[in-house]
Amino acid sequence: MRKLLVLALVGLVAQLIDGSLGMAYGLTSSTLLLVAGVAPAAASASVHLAEIGTTLAAGVAHWRFGNVDWRVVTRIALPGAIGAFAGATVLSSISTEAAAPWMAAILFTLGAYLLIRFARPLRTDRVGGRLRGRFLGPLGLVAGFVDATGGGGWGPVATPALLVSGRMEPRKVIGSVDTSEFVVAAAASVGFLIGLGTEGFLLPTVAALLIGGLIAAPLAAWLVRIVPAQLLGAAVGGVIVLTNARTLLRSADLDGPVRPITYALLAAGWLAALVLAVRALRRTRLARAEAATAEAAPDALPAAPATPAAVVAGELAATGTPNRR
């Protein structure tokens with residue numbers, strides 16, 4: 001019972017992060033499940049099965065708020081499903097001993113990517129035009145494959161690529177990626193079902209993750225107003241990097257002073273990323289404040305100073321007193 005409560009808490013925390021960043025549900029859940037001792041393939045399979053419910057709820061919510069570009073969804077979801085099915089098949093055919101470092105390396109890389117991405121401001125201005133299928137197709141294929149083999153990665157790969165393109169509003173990027181992830185999660189689950197069978201899914205784990213995620217979904221909207229995404233992204237990236245570095249060092253049989261030195265260097269990099277994230281956040285807020293001030297400046301221009309004669313004339317006119325000399 002205690003383990004199920006911990007897993008529900010994992011799902012809750014992962015959904016809070018995902019709802020605030022538009023990504024990292026799979027990364028966070030898979031990382032914490034690996035730390036708990038769950039086999040890589042079973043962890044990814046269970047996370048993706050739980051994501052069918054969480055992404056469906058998120059997709060419906062985004063659709064109701066008008067955050068979904070269905071043209072982008074249709075062009076990225078199908079290649080993503082193909083990539084996810086292939087990734088699930090590959091991960092299911094690898095032994096647990098071989099899959100652990102592979103999955104940890106993918107998660108470590110994506111965590112480092114989160115650190116780099118949120119340590120600097122992200123360009124979100126739109127330049128017009130439409131995203132072409134020859135860009136969305138390969139992006140979905142790669143993101144889907146990474147998502148299934150790494151236990152997460154659909155959001156960290158697809159969301160930044162669409163944001164940096166500058167051709168979509170950020171809210172529609174997050175809404176479209178979350179909505180298309182339902183198809184990706186379903187395809188990955190089918191791949192794991194064929195490769196692992198029903199015993200590959202830890203149903204109590206799936207239920208706990210799903211319950212925690214559904215509870216956290218409405219809370220994420222509150223969290224995103226309290227915690228800046230810039231800081232949350234850098235913090236989550238550091239946790240993922242340090243956690244999966246432990247698995248990589250263990251698989252490489254590195255002992256002695258190598259481990260503490262490696263942890264110290266990674267912690268220093270994490271601290272540097274947090275400092276840069278704070279600076280980027282301040283610069284962004286300062287730029288917005290200056291832009292708002294510049295827009296309001298024409299309406300706030302002071303009137304020309306009145307002459308003494310004009311002041312006297314105005315006062316006499318207001319009191320109705322004739323101007324006698």
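Across the alpha-carbon set of segment 10-106, the Rg to Rh ratio works out to 1.00, Rh being the Kirkwood radius. Using θ = phi - 60° in the Karplus curve 6.51 cos²θ - 1.76 cosθ + 1.60, the 3J(HN,Hα) couplings for segment 137-145 round to x, x, 4, x, 5, 5, 4, x, 5 Hz; x is entered for Gly and Pro.
Please give the charge dipole size of segment 236-294, origin at the Cα centre, charges +1 on K and R Cβ atoms and -1 on D and E Cβ atoms. Round to the nearest 20 debye. Before the final figure, lay out the partial values.
Values: 8 positive and 3 negative charges, 63 e Å.
The dipole magnitude comes to about 300 debye.
A protection proxy built from the mean count of other Cβ atoms within 10 Å ranks the segments 75-81, 204-210, most packed first, as 75-81, 204-210. Applied to segment 85-93, the Karplus parametrisation 6.51 cos²θ - 1.76 cosθ + 1.60 on θ = phi - 60° returns per-residue 3J(HN,Hα) values of 4, 5, x, 5, 5, 5, 5, 5, 8 Hz, with x for Gly and Pro.
Solvent-accessible area per residue in segment 166-218 equals 40 Å², computed with a 1.4 angstrom probe and all protein chains kept.
Whole-Hz Karplus values for segment 251-262 come out as 5, 8, 6, 9, 10, x, x, 5, 5, x, 5, 5 Hz, taken residue by residue from phi with 6.51 cos²θ - 1.76 cosθ + 1.60 and θ = phi - 60°; glycine and proline positions read x. Label-to-label distance for Ala272 and Val190 is 4.5 nm, based on points extended 7 Å past Cα in the beta-carbon direction.
Within segment 57-88, whose backbone N sits under 20 Å from a point 7 Å along Cα→Cβ of Arg130? So the set is 66-80.
The values are calculated or read from the model by the stated rules, or taken from the named source; none is laboratory data. The structure presented is a predicted model; accordingly, all values stated were derived computationally and were not measured. Every residue, glycine as well, gets a Cβ built from its backbone with ideal geometry; the counts of neighbours run over all protein chains shown. Just the protein is used for accessible areas: all its heavy atoms, side chains included, with ligands, DNA and RNA removed. Shrake-Rupley method; radii C 1.70, N 1.55, O 1.52, S 1.80 Å.
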